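A short worksheet on the structure shown next.
The values are calculated or read from the model by the stated rules, or taken from the named source; none is laboratory data. All figures in this text were calculated on a predicted structure; none of them were measured in a lab. Cβ atoms come from the backbone with ideal geometry, glycine included; neighbour counts cover every protein chain shown. Surface accessibility is based on the protein's heavy atoms, side chains included, excluding ligands, DNA and RNA. Shrake-Rupley method; radii C 1.70, N 1.55, O 1.52, S 1.80 Å.
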Amino acid sequence: MEEKDTSLATGCESPTADASNEAAQSAQTPNAGGEVGKKRSSFTGKIGFVLAAAGSAVGLGNIWRFPYLAAKYGGGIFILTYIILAVTFGFVLMIAEIAIGRKTGASAINAFKKLHKKWAFLGILCAVIPIIILPYYSVIGGWVGKYFFTYLTGSGAAAAGDTFFSSFIASPWQSLLFFALFVTVVFVIVLFGVEKGVEKTSKFLMPALVLLTIGVTIYTLTMPNSLEGVKYYLLPDFKKFSIGTVLGALGQLFYSMSLAMGIMITYGSYMKKENKIESSVHQIEVFDTGIALLAGLMIVPAAFVFSDGSPETLGQGPGLMFVALPKVFQTFGPVGGGILGALFFALVLFAALTSAISLMETVISIVIDKFRLSRRKACLITYIGTLLLGIPSALGFGAFKKVSIGGMTILDMMDFLSNSVLMPIAAFLTCVFIGYVIQCKTITDEIELNGKFAMKKFFNVMVKYVCPIGIAAILLTSILDVAGVFKL
Ligand code: TRP
């Protein structure tokens, strides 16, 4: 029966599999052990829901991805674009997904199917996205693991060297090894169903990461030239605006808030009817955006202190955090810097693990649902599949360096495909589905079950017109803009 029941939560059933939340522990969600009750259990209280959803949302997206995109796409102008998109598109989509989940009591694949038979495909599209993200997320998780290991073994000074990062990612066996280690740890945790322990620990470690980030940020801001970095990061320069900025910000928004991939639908399915959706969404957004902004404020000015904010440093993409931070840690001397580096990368590794666990749980439940396999078999298939799918991304900076389109490595391509292509398409279709197929009222009624929906008019206009037209325009313009060459 296990298999059948687990399919209740198709798609992404494990709100407990992530991060700091008390509620999730009492939520008894049907995951790891496959103990499934007839009824869906729910989060205790609104705060529990907010913490669980925010816990899933906060991960490498905030700490690693947001800062490098902000640096690459012009600093302040990227932040401004991101915030505007977050309070409009992000707000609307998160509200919609949570309401769909709570209304149907099901997750992505089943939720869309329940609402309209012909739209089951949208649930499947949502389900494909985590399958693409997990492997390359794990490659970055492996990078964090490598840095943690380097600091732990007392080689922190080497990590601050100019070529350390580039030679590490170019070395085929090293990147493969750390990637495989990361996936294996996630697999073992998921296989033995010990996520609960990870969650309990993350209740302490997540706040510790935030505090450490604040500390490092304040320290970096006392260094020469850092204010130039703060100016670059916070003051919008409209000359730097481009369609790439908007597409980058949009993809980041979906990625960071775990939108347009069914995750929030699942979270919504565990939310109690008494809890208010609207204010929960505001809180999750503030939390997620706050941590991303903070991480950027730590990393971008560091790039100005140590390399004058040169375009090569700012535009380097995925490596930014790994190149900039070790130089900051090094200024504490070998011992202090070593401890700081080990602590920082341990905490980031933890954040990455909790998100990866949640992603793997999601993929496993898709496999169980699609192929009607036992949980054990599904775990194994997901593990092997993730390893195989991640190999090209892990080797993309070394052995497979030649495979690139318009300067994008394989990892960048996976990232681009999920965040800048598939997620906007899923988001566009979700808006069309709500605005024109099931009608906005279906969603707004669900939100109004317990009180007023303050932004109802705004929601309706956004879902019907602004979001679908906006997303389609962004997608089309960027396709035309790069016609032939992906050079965003
Ligand atoms: N939002 C996560 C982050 O910022 C990444 C992520 C995307 C994720 N999709 C997810 C995490 C699904 C858990 C589940 O790092």
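Name, by its number, the condition in (1) free of Cβ contacts under 8 Å to residues at least 60 places away in the same chain; (2) touching a Lys or Arg at 6+ places or on another chain (Cβ under 9 Å); (3) open to solvent by less than 20 Å² (accessible area, probe 1.4 Å) that does not hold for Pro318.
(1)
Count, please, the residues in region 345-402 that happen to be more than 16 Å from the ligand (Cβ to nearest atom), surrounded by fewer than 24 Cβ atoms within 10 Å (Cβ to Cβ) and β-branched (Val, Ile, Thr).
The total comes to 3.
Mind checking which residues of region 272-287 are in contact (Cβ under 8 Å) with a residue 60 or more places away in the chain and open to solvent by 10 Å² or more (accessible area, probe 1.4 Å)? I'd like the intermediate steps shown before the answer.
Initially, region 272-287 is screened for residues in contact (Cβ under 8 Å) with a residue 60 or more places away in the chain, giving 272-285, 287.
The answer is Lys272, Lys273, Glu274, Asn275, Lys276, Glu278, Ser279, His282, Gln283, Glu285, Phe287.
Here are some conditions: (1) more than 16 Å from the ligand (Cβ to nearest atom); (2) under 16 Å from Ser56 (Cβ atoms); (3) among the small types (Gly, Ala, Ser). Ser279 meets all but one. Which one does it not meet?
Condition (2) is where Ser279 drops out.
From the set of residues in region 433-471 that are of a type in the set (A, V, I, L, M) and not in a helix (DSSP H, G or I), which is surrounded by the fewest Cβ atoms within 10 Å (Cβ to Cβ)? Walk me through it before giving the result.
Start the filter on region 433-471 by keeping residues that are of a type in the set (A, V, I, L, M), which leaves 434, 437-438, 443, 447, 449, 454-455, 461-463, 466, 469, 471.
Narrowing the set further to residues that are not in a helix (DSSP H, G or I) leaves 438, 454-455.
Working: Ile438: 16, Ala454: 12, Met455: 18.
Across region 433-471, the extreme among qualifying residues is Ala454.
Of a type in the set (Ser, Thr, Tyr) and touching a Ser or Thr at 6+ places or on another chain (Cβ under 6 Å) - does that describe any residue in region 348-361? So that I can check it myself, show each step before the final result.
Residues of region 348-361 of a type in the set (Ser, Thr, Tyr): 354-355, 358.
Filter once more, keeping what is touching a Ser or Thr at 6+ places or on another chain (Cβ under 6 Å): 354, 358.
Scanning region 348-361 turns up at least one residue that is of a type in the set (Ser, Thr, Tyr) and touching a Ser or Thr at 6+ places or on another chain (Cβ under 6 Å).
Restricting the search to region 176-220, which residues are among the polar types (S, T, N, Q), under 19 Å from the mean Cα position of the chain (by Cα) and within 21 Å of Phe332 (Cβ to Cβ)? Walk me through it before giving the result.
In the first step, residues of region 176-220 are kept if they are among the polar types (S, T, N, Q); the result is 184, 201-202, 213, 217, 220.
Add one more test, that the residue is under 19 Å from the mean Cα position of the chain (by Cα), and what stays is 202, 213.
Selection gives Thr213 alone.
Out of everything in region 56-88 that is over 21 Å from Tyr136 (Cβ atoms) and within 16 Å of the ligand (Cβ to nearest atom), what residue ends up being surrounded by the fewest Cβ atoms within 10 Å (Cβ to Cβ)?
Our first condition is that a residue be over 21 Å from Tyr136 (Cβ atoms); within region 56-88, this holds for 74-88.
Cutting the leftovers down to within 16 Å of the ligand (Cβ to nearest atom) gives us 82, 85-86.
Numbers: Tyr82: 27, Leu85: 19, Ala86: 21.
Among those residues, the one meeting the criterion is Leu85.
Going by the structure shown, is Gly123 within 12 Å of the ligand (Cβ to nearest atom), in a helix (DSSP H, G or I) and small (Gly, Ala, Ser)? Outline the logic, then answer.
Working: within 12 Å of the ligand (Cβ to nearest atom): no; in a helix (DSSP H, G or I): yes; small (Gly, Ala, Ser): yes.
For Gly123, the condition - within 12 Å of the ligand (Cβ to nearest atom), in a helix (DSSP H, G or I) and small (Gly, Ala, Ser) - is not met.
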